[in-house]
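The values are calculated or read from the model by the stated rules, or taken from the named source; none is laboratory data. Predicted model, so just to flag it, every value in this text is computed and none were measured. With ideal geometry, Cβ positions are generated from the backbone for all residues, glycine too; neighbour counts draw on all protein chains shown. Just so you know, the surface numbers come from the protein's heavy atoms only, side chains and all, with ligands and any DNA or RNA stripped out. Shrake-Rupley method; radii C 1.70, N 1.55, O 1.52, S 1.80 Å.
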Amino acid sequence: MKILVVGRGGREHSVVEHIRKSDRVTEIYAAPGNAGIERHATCVPIDEMNIDELVTFVKETEIDLTIVGPENPLNAGIADAFIAEGLKIFAPQKSAALLEGSKDFAKQFMVKYGIPTAAYETFTDAETAKQYVQEQGAPIVIKADGLAEGKGVIVAETIEQAL
């Protein structure tokens, strides 16, 4: 079985480390990969956001399964593009990737379907957000909407830090 792992980070490195242990896996590719991944997979110089080139590579190389790690190509619809081409991919479709891609969408989804979650408010105006922080007090969690690669959250211990 030939597998392509899309991404360049630690998550993808871990995926490669684990799938290489399978007797069913004959070849592993990573796009674009990194120096650590290169020890166990063939790295190909295709950016994870170049979905068309990834589709072409998978077809030409006869990849059996593609596994996607990073959020950006998921939110750009990589799974949708692969499915449209009849290619096997382990990744959520664009509509499902929004749960990770938008904190506001995820919170609305949880509230709508009764999934336990902390109270929240969404703001587009800084002054209104600051007023909310003053009313709620600290500690308080502040998250940026959209993709932030795991860095879009502040756990503010004080109101000053939150502001």
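Among the candidates Leu74, Leu54, Leu4, single out the residue that is part of a strand (DSSP E or B) and buried (at least 19 other Cβ atoms within 10 Å of the Cβ).
Values: Leu74 fails: part of a strand (DSSP E or B); Leu54 fails: part of a strand (DSSP E or B).
The conditions single out Leu4.
Out of everything in segment 77-114 that is aromatic (Phe, Trp, Tyr) and part of a helix (DSSP H, G or I), what residue ends up being nearest to Lys151 (Cα to Cα)? Working first, answer last.
The first filter runs over segment 77-114 and keeps only residues aromatic (Phe, Trp, Tyr), leaving 82, 90, 105, 109, 113.
Applying the additional criterion that residues be part of a helix (DSSP H, G or I) yields 82, 105, 109.
Working: Phe82: 28, Phe105: 18, Phe109: 22 Å.
Once the filter is applied, the top-ranked residue is Phe105.
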With respect to the numbered conditions (1) without any contact (Cβ under 8 Å) to a residue 12 or more places away in the chain; (2) in contact with a Leu (Cβ under 9 Å, 6 or more places away or on another chain), which one is the sole condition not fulfilled by Ala30?
(1)
Filter segment 26-43 for residues that are of a type in the set (A, V, I, L, M) and buried (at least 16 other Cβ atoms within 10 Å of the Cβ); the one that is nearest to Gly9 (Cα to Cα) is Ile37
Determine the pairs where a residue that is within 23 Å of Phe105 (Cα to Cα), located within segment 134-163, has a partner that is open to solvent by 90 Å² or more (accessible area, probe 1.4 Å) and of a type in the set (Gly, Ala, Ser) with Cβ atoms under 9 Å apart, the partner being 6 or more residues away or on another chain.
Gln136/Ala119
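Before we move on, is Thr124 open to solvent by 90 Å² or more (accessible area, probe 1.4 Å) and in a loop (DSSP other than H, G, I, E, B)? Break it down stepwise before answering.
Details: open to solvent by 90 Å² or more (accessible area, probe 1.4 Å): yes; in a loop (DSSP other than H, G, I, E, B): yes.
The answer is yes for Thr124.
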Exactly one condition in (1) open to solvent by less than 60 Å² (accessible area, probe 1.4 Å); (2) without any contact (Cβ under 8 Å) to a residue 40 or more places away in the chain; (3) out of contact with any helix residue (DSSP H, G or I) (no Cβ under 9 Å at 6 or more places or on another chain); (4) closer than 16 Å to Phe90 by Cα is false for His18; which is it?
(1)
